[in-house]
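A short reminder: the numbers here are calculations on the coordinates, not readings from a lab. These numbers were taken from a predicted model, which means no experiment stands behind them. Here the Cβ positions follow ideal geometry from the backbone for every residue, glycine too, while neighbour counts run over all protein chains shown.
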Amino acid sequence: MTIIGDTGTAIGERCRIGAFSTIGEGVVIGDDVTIGANVTLQNSTVGSQVVIHPGVRIGQDGFGFMLDASGEHAKKPQELRVEIHDHVEIGANSTIDRGSWRDTVIGKGCKLDNLIQIGHNVQLGAGCVIAAQTGIAGSTTLGNNVYIGGQVGVAQHLQIGDNVRIAAKSGVMNHLESNATYELG
C-alpha cells in the first residue's frame, strides 16, 4: 500500500488494504473496510463496512469537456470529491469519477458489479444494485432502490425515481418515474 501525502488522510480501524493499492492525500476511510489489490483512492471519503474489489479507481478526474471561444474542446475542471456511504460493495475494475459542481455520491448499501462506470456528479440513492458493464453519465441522479441490469447505458443529467427496475442492455435517454420497470432499446 502507498499513501500519497498524509494531509487529512485517515484510515479507520480493522481495515484491510491489498497489495499495490494507493491511498491519496485527504482520503478518509471508515472502519472495517476491505480494499482489494491495485485500487486507487483519491479525493474521496469511504464509509464503514465497505468492500472495494481489485482494480477499482475512485476519485479521479472525469470525462468533461466544453467548447471554448475558439471552438476547441476545453477540459471542464472536476475538483470535488466522491462520497461512498456505509455498507457499499464496488466490483472489480469499476471507476467512480469525482464531481465538478457537486460531489459524486454512492448511497448507503449500494451494490455495484464489476466494470461499472459512474460519471462525475452522479448521485445514487440508498440500496441501488447495478449489474456489470453499466455506465452512468455525469450529473444523473438515481433514487433509492434502483435496480439496473447488465450493459445499460444511462445518459447525462437525468432523474431516475425510487424503486425503478431497468432491463439489461437498455439505453436510458429520458427521466424515469418511480415505481416502474423499464425495458428500453
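I148 passes every criterion in (1) farther than 20 Å from R57 by Cα; (2) in contact with a Gly (Cβ under 9 Å, 6 or more places away or on another chain); (3) buried (at least 18 other Cβ atoms within 10 Å of the Cβ) apart from (2). Within the stretch 34-70, being under 16 Å from K108 (Cβ atoms) and among the aliphatic types (A, V, I, L, M) holds for V46, V50, V51, I52.
Scanning the stretch 12-33 for residues that are closer than 21 Å to T104 by Cβ and in a strand (DSSP E or B) returns T22, I23, V28, I29.
Quick check on the stretch 166-179. Is at least one of its residues of a type outside the set (K, R), in a strand (DSSP E or B) and surrounded by fewer than 16 Cβ atoms within 10 Å (Cβ to Cβ)? Within the stretch 166-179, one or more residues are of a type outside the set (K, R), in a strand (DSSP E or B) and surrounded by fewer than 16 Cβ atoms within 10 Å (Cβ to Cβ). The residue list G135, G99, G143, G153 contains one member that is closer than 27 Å to T181 by Cα, crowded, with 19+ Cβ neighbours inside 10 Å and in contact with a strand residue (DSSP E or B) (Cβ under 9 Å, 6 or more places away or on another chain), which is G143. Residues satisfying the criterion are absent from the stretch 67-77 (criterion: within 27 Å of G185 (Cα to Cα) and out of contact with any helix residue (DSSP H, G or I) (no Cβ under 9 Å at 6 or more places or on another chain)).
Results for (1) small (G, A, S); (2) buried (at least 20 other Cβ atoms within 10 Å of the Cβ), shown as yes or no for each residue.
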residue: T9; (1), (2): no, no
residue: T34; (1), (2): no, no
residue: V46; (1), (2): no, yes
residue: Q49; (1), (2): no, no
residue: F63; (1), (2): no, no
residue: D68; (1), (2): no, no
residue: G71; (1), (2): yes, no
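Please go through the stretch 81-105 and give me each residue that is closer than 16 Å to T40 by Cβ and under 12 Å from the mean Cα position of the chain (by Cα), ordered by number. Once the filter is applied, which keeps residues that are closer than 16 Å to T40 by Cβ and under 12 Å from the mean Cα position of the chain (by Cα), the stretch 81-105 yields R81, V82, I84, I90, G91, N93, S94, T95, I96, D97, R98, T104. Inspection of the stretch 105-116 finds a residue satisfying the criterion of being without any contact (Cβ under 8 Å) to a residue 60 or more places away in the chain, crowded, with 22+ Cβ neighbours inside 10 Å and touching a His at 6+ places or on another chain (Cβ under 7 Å). Kindly indicate the residue of the stretch 34-49 that is in a strand (DSSP E or B) and among the hydroxyl-bearing types (S, T, Y) and also nearest to R81 (Cα to Cα) among those meeting that condition. That would be S44.
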